[in-house]
Amino acid sequence: MINNPYGPALKKISQNIAIFESSEEVDGFLKEAVSLFMAQVGAILGAIYIYDDTARELVFRVGYDKGDFWDSFRCGGKGAPSRFSLDGNEVGEAFTRGAVRYLNYDLPEYPFKSKILIPIFRGPEKIGVFLMAHQEKKAFCPIDQAGLLQAVSQLGDMLTEALVLINHEQVDGEIVNFSVPQVLTGMKTSEGLAEGTALPVWTDMDSAAEVLPPPGSIEDESALFEQALSTSLRQLEEIQGSQAFGDAEMVALIFTAQMYMLKDSSFIEKMRTLIKAGEPAFEAVRRVVGDYADRFSRMSEVRLVEKAQDVRDLGFRMITNMGPSGENGFSYEGKIVLSRHIYPSDLYRLAVEKVSGLVLQGAGVTAHISILARSLNLPVLISDDKSFLSIPEGTPLLLDAGMGHLYVHPDYKIRKAAADRQKLLEKNRTFYTLKGRTADNVAVRVTANINILKDAREAVRQGAEGIGLYRSEFPFILKNDFLSEEQQFRIYRSIVVSQPGKPVVLRTADIGGDKLLQGRSEAESNPFLGVRGIRFSLAHREMFRDQLKAMLRAGAGADLGIMLPMVSDVEEILQAKEEIALCLDQLHKRGVLHNSSPRIGAMVELPSAAMSVGELVAETDFLSIGTNDLIMYLLAVDRTNENLSHLYRSHHPAVLRVLATIAEEAGDKRDALSVCGDVASDPLLCTFFVGLGIRNLSVSPAKVEPVKEQLSRFTLGEMERISKDMLSIRRQKDMEKYMEEFERKYS
Ligand code: PEP
Ligand code: MG
């Protein structure tokens, strides 16, 4: 020991060795040892991993971090300690090889430039790994390697007696490899890149309570409660005041209920009473909230069941605000929420609160969740791999929703590659023209599909020539109920005025299918074939009239189109027109400002509508092909079923033939025909549609410019050729070849 440069450290360590009486003391000893070694070599971070031979993993035991380079989770603070498997990572490899490893890095964002990994021996047996890191390059090179190995092994020997206390059973963390990142895959729903830390099942009050300090006196707990209450109130007021996405109406729809609850004196008084009786503050919140949530869950009015989620979310907010971040208030910023299930209103709420991204379990994710996530620019991944639900809170994640990947503990390389790809995508958006045109100057109007006000603004920014489809069911879905005429009017009006001088098509609510309104929609064994779209509206006449009146009023002075969804028959159009006439009459009698001559249109999204275009054009001012549903009903493939996505083929020869028939049947009214399904922005199919004679495409705001750019690359003649060629293909296999060829030539 005398000749060993680490002798003094070892001597000091050995003086402490005999006094362990508990596992904590072993940890204290090890921490001391780690810090002494670190001081000796000047390291900024050190950690000991002990081998668990049952799990065949290296388990984090103690660590010292001088610069907060590792978060408290990784260093064994709150939550589960990290583990390393034996292969595929530096720590495991140092252990398996039984040799000291020096590692030097040259990664700009990685905090360490060098690392040293020293296997810990006890006699001939390897028992763990000691890791130290430094900010400087080659910091460990001048170290006496043999001396260090010897010293660390002596440390191992000293642990012999204490080892019995190193009990892996008490450690129940997940396998976490931050040297070798893990990746989970899923279906992309809403593109985008999000970096943040994991927040599993965000409304779990128990997990929020776990990190709280031990309860104090009744006075302390009362003060803590009042502070959490006022922080929560302030947060909700700020959210309301922020009018997120410029949509005060929608924010009010979603947050008002929580605000009312916080101001409800009986709700709050119950908590205060429990605290006065000696309950810790978090327990009082948990009990009262749990009680209310249970009551809501048991309500027969299904619509109220969703309120259970609202109240739990509030409880989570209050308890979290009692924790370390209490002063500033808990924030969703920088969090990636991992959840089994989500309501549309939660999605909106999390977006307003600036959550970075979401990972959801496959089942239960409906089309409107995906559509809404896209509108909110929120990266969302849907995965059937349930393991993401057990990722511990605080784990660093990178969500690359565009690629369908969730990286757990992403390393620098992964983060850089994803960021570069994102930059490229953004850079590519440089094509700006005022109007859609073919290369030989034939006008093709490119309008936008929108779901919320934010989209309408984005549509203007992206150069859309108006709104081709506003999905008016969204406010209903977000509120999970009907809205009054007045509420609807305010929402629709804000959309209309966002498009000065441009046409706006408001679609009446397409409720039903997977866009259910709990408590208003009947339970059906096959809702996609049930009371959906215009059927729902005709079955709920008062609601339909409120909506029509709101639309007519909102469209005053504007180029307004009212479009009917899920029309299967001309009779439905006639009935709807009668309702519109009635509403016009009522508005006239009320003397309210409104649009007295809206254009009336219908969606062509059912096979029966596709085969009766001749009749439909006679009774409408315009028609719009809803390929999302049309393809689903033609191919009998549920558009929301991830497992069938390979069968949902928009280029299916039969689909293309039906689309050509629609265009054909529209005859000289083809000018008033548009496509508003997602495939209108497909690089090949947009040319196919123009080749068929269609001159209106409605696409999501982000796709407006790419579609205009694509159309500008082809003459009308070339697009007609593409349509002809595609229509002559009879087999799917040949279609795929054609598509590949097209992509090779034009991408
Ligand atoms: C469609 O079906 O193509 C469509 C645009 O309507 P939605 O996606 O709202 O059903
Ligand atoms: Mg549809």
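The values are calculated or read from the model by the stated rules, or taken from the named source; none is laboratory data. Note that the structure is predicted; figures quoted are calculated from it, not measured. Because the Cβ atoms are built from the backbone with ideal geometry, glycine has one as well, and the counts that use them run over all protein chains shown. Calculation scope for accessible area: heavy atoms of the full protein, side chains included, ligands and nucleic acids excluded. Shrake-Rupley method; radii C 1.70, N 1.55, O 1.52, S 1.80 Å.
Please identify the trypsin sites (Lys or Arg not before Pro) of segment 328-359 that satisfy two criteria: DSSP loop assignment and at most 16 other Cβ atoms within 10 Å. Which are they? Present the calculation step by step, with values, prior to reporting the outcome.
On the way: sites: Lys335, Arg340, Arg349, Lys354; in loops: Arg340, Lys354.
In loop regions of segment 328-359 (DSSP not H, G, I, E or B), the sparsely surrounded trypsin sites (Lys or Arg not before Pro) are Arg340, Lys354.
By the scheme Lys and Arg +1, Asp and Glu -1, what is the net charge of all other residues having a beta-carbon under 9 Å from that of Ile239? Here the count lands on -2. Bridge orientation summary for segment 445-746: considering DSSP beta bridges with both residues in this region, about 5 percent are antiparallel. Largest first, the residues His368, His594 sort by 1.4 Å accessible area into His594, His368.
Annotation: amide H of Ile625 within the under-5 Å range of Val604, Ser674, Val675, Cys676, sequence separation 5 or more or interchain, hydrogens built in the peptide plane.
Ordering Ser339, Ala419, Val355 by Cα displacement along the dipole of segment 338-422 toward the positive end leaves Ala419 in first place; charges were set at the Cβ atoms of Lys, Arg (+1) and Asp, Glu (-1). Starting at the first residue of segment 449-461, write each ³J(HN,Hα) from the Karplus equation 6.51 cos²θ - 1.76 cosθ + 1.60 with θ = phi - 60°, in whole Hz, x for Gly and Pro. Working through the residues one at a time gives 8, 10, 10, 9, 4, 4, 4, 4, 5, 4, 4, 5, 4 Hz.
Could you sort Ser356, Ser700 by accessible area so the largest value comes first, with the probe set to 1.4 Å? If you can, show how the numbers build up before the last one.
Details: Ser356 30, Ser700 55 Å².
The most accessible residue leads, giving Ser700, Ser356.
A cut-off of 5 Å between modelled amide H atoms, ignoring neighbours fewer than 5 places along the same chain, links Thr189 with Val380, Ile382. For the residues Tyr332, Tyr738, a 1.4 Å probe over the protein chains yields an accessible-area ranking, largest first, of Tyr738, Tyr332. Between the amide H of Thr447 and those of Glu465, Leu697, Ser698, Val699, distances stay under 5 Å, these residues lying 5 or more places away or on another chain, with hydrogens modeled in the peptide plane. Sequentially through segment 280-291, phi angles give Karplus couplings (6.51, -1.76, 1.60; θ = phi - 60°) of x, 4, 5, 5, 4, 5, 4, 5, 5, 4, x, 4 Hz, Gly and Pro residues having no value and appearing as x. Karplus-based coupling profile of segment 215-230, in residue order and whole Hz: x, x, 5, 4, 5, 4, 5, 5, 5, 4, 4, 5, 5, 5, 5, 6, with θ = phi - 60° in 6.51 cos²θ - 1.76 cosθ + 1.60 and x standing for Gly or Pro.
Sorting the segments 530-540, 677-687, 287-297 by their mean number of nearby beta carbons within 10 angstrom, highest to lowest, gives 677-687, 530-540, 287-297.
For Asp569, put the label point 7 Å out on the Cα→Cβ axis and report which residues of segment 523-542 keep their amide N under 12 Å from it. Backbone N within reach: 535.
Given axes a ≥ b ≥ c from the Cα gyration tensor, I'd like to know whether segment 212-323 is rounded (a/c under 1.5), prolate (a/b larger than b/c) or oblate. Provide the component values of the computation, followed by the final result.
Working: a/c = 2.51, a/b = 1.37, b/c = 1.83.
It comes out oblate by the Cα gyration axes.
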